[in-house]
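Heads up, the thing below is written out as structure tokens.
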Amino acid sequence: MRSTTRLLFSALTLTAIHSSLAGAQLVGRSETVYTWRGSIPNGAQFTIRNFNGPIDVRPASGNTTELRAEKRARGDAAITDVGFEVRQSGNGDVEICSTRSENTCNGDRHRGDDGWRRGSVTVSMTVLVPRGVRLKVATGNGAVSVERAGSDVQASTGNGRVRVVETEGQVRVSTGNGDVEVRNVKDRVHVSTGNGDVDVVTVEGPVEVSSGNGDIDVRMSALRARDDMQFSTGSGNVLLTLPANYNGELEASTGNGSIRSDFDLKIKGQLNPRRIRATIGNGGAMLRMSTGNGEFELRKS
């Protein structure tokens with residue numbers, strides 16, 4: 001009986017391994033243009049990971065989600081160097097990854113650069129997504145644009161500009177090197193860039209922004225939640241436009257610059273032109289602003 005049990009377990013194990021490998025096989029390796037179409041239910045997540053190349057996301061005209069990926073090879077490289085790994089989960093989530101080797105599209109860690117000749121193959125992706133689908137897009141090198149598509153949006157690039165326009169849900173953006181533009185979103189926004197300017201216009205905050213080196217310009221016409229907000233840059237100016245009836249606690253510091261405000265500030269402690277602790281209006285959530293070398297300006301919308 002034990003021998004039979006061991007044999008049965010081994011057979012089941014081999015079947016599971018075979019199924020896993022089969023699900024990880026690459027597709028589209030011989031195609032210059034690879035296209036994937038499918039139905040993703042509202043609330044499920046569509047994840048796109050691209051090793052090298054831009055990602056452009058637009059609204060779908062119906063309920064079908066679509067990916068169109070065009071490969072371009074340079075030098076001694078060939079389009080067959082690149083394939084696509086497609087993973088689909090039982091809850092409707094779909095993940096597609098441009099890659100050279102199987103089993104490299106693994107969670108939040110994109111290992112598609114293993115064995116690649118950098119810059120030899122570029123994949124330009126165009127994605128059509130319905131409004132109700134959560135979206136996560138990432139590229140190692142290239143610009144990312146998301147316009148009027150998806151609900152919650154996560155967008156990142158190692159090197160390139162990121163633009164997100166008119167989304168319904170939360171927005172999280174990160175780039176190692178590049179400017180960030182977020183326009184007309186209706187939920188909280190979180191942006192980080194190692195080097196680049198950040199420009200955010202939101203219907204309803206809150207917003208949080210950090211930049212290693214760049215100016216920050218954020219405009220909020222309303223604040224739905226009374227959450228803390230933080231804006232920081234190593235070198236650059238911070239311009240923040242808030243609703244005229246904003247109430248909160250302010251902590252602002254600058255290594256070399258001035259602080260200006262359209263709001264009446266009730267100063268706490270000793271007055272310091274480089275560091276301010278103050279109450280705005282009736283007080284409330286904390287607003288933190290810091291820059292190593294730049295100026296602050298608080299404006300009323």
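The values are calculated or read from the model by the stated rules, or taken from the named source; none is laboratory data. Note that the coordinates shown come from a computational prediction; the quantities given were computed from them, not determined experimentally. Quick reminder, even Gly has a Cβ in these numbers, built from the backbone with ideal geometry, and neighbours come from all protein chains shown.
Listed values, structure above:
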{"quantity": "The range 202-222: number of residues that are of a type in the set (A, V, I, L, M, F, W, C) and at pLDDT below 90", "calculated": "2"}
{"quantity": "Members of the range 176-201 that are in a strand (DSSP E or B), farther than 22 Å from GLY43 by Cβ and either at pLDDT 95 or above or in contact with an Asp or Glu (Cβ under 8 Å, 6 or more places away or on another chain) (or both)", "calculated": "VAL180, GLU181, VAL182, ARG183, ASN184, VAL191, SER192, THR193, VAL198, ASP199, VAL200"}
{"quantity": "Residue count for the range 249-301, restricted to those that are assigned to a loop (DSSP other than H, G, I, E, B) and closer than 23 Å to VAL198 by Cβ", "calculated": "13"}
{"quantity": "Given (1) of a type in the set (A, V, I, L, M); (2) over 15 Å from the mean Cα position of the chain (by Cα); (3) surrounded by 24 or more Cβ atoms within 10 Å (Cβ to Cβ), number of the condition LEU128 does not satisfy", "calculated": "(3)"}
{"quantity": "Scan of the range 131-165 for residues that are in contact (Cβ under 8 Å) with a residue 40 or more places away in the chain, charged (D, E, K, R) and either farther than 21 Å from GLY62 by Cβ or part of a strand (DSSP E or B) (or both), ordered by number", "calculated": "ARG134, LYS136, GLU147"}
{"quantity": "Test: residue in the range 229-240 that is over 26 Å from the mean Cα position of the chain (by Cα) and crowded, with 19+ Cβ neighbours inside 10 Å", "calculated": "no"}
{"quantity": "Any hit, the range 95-106, residues being aliphatic (A, V, I, L, M), more than 17 Å from SER151 (Cβ to Cβ) and touching a residue at least 12 places away in the same chain (Cβ under 8 Å)", "calculated": "yes"}
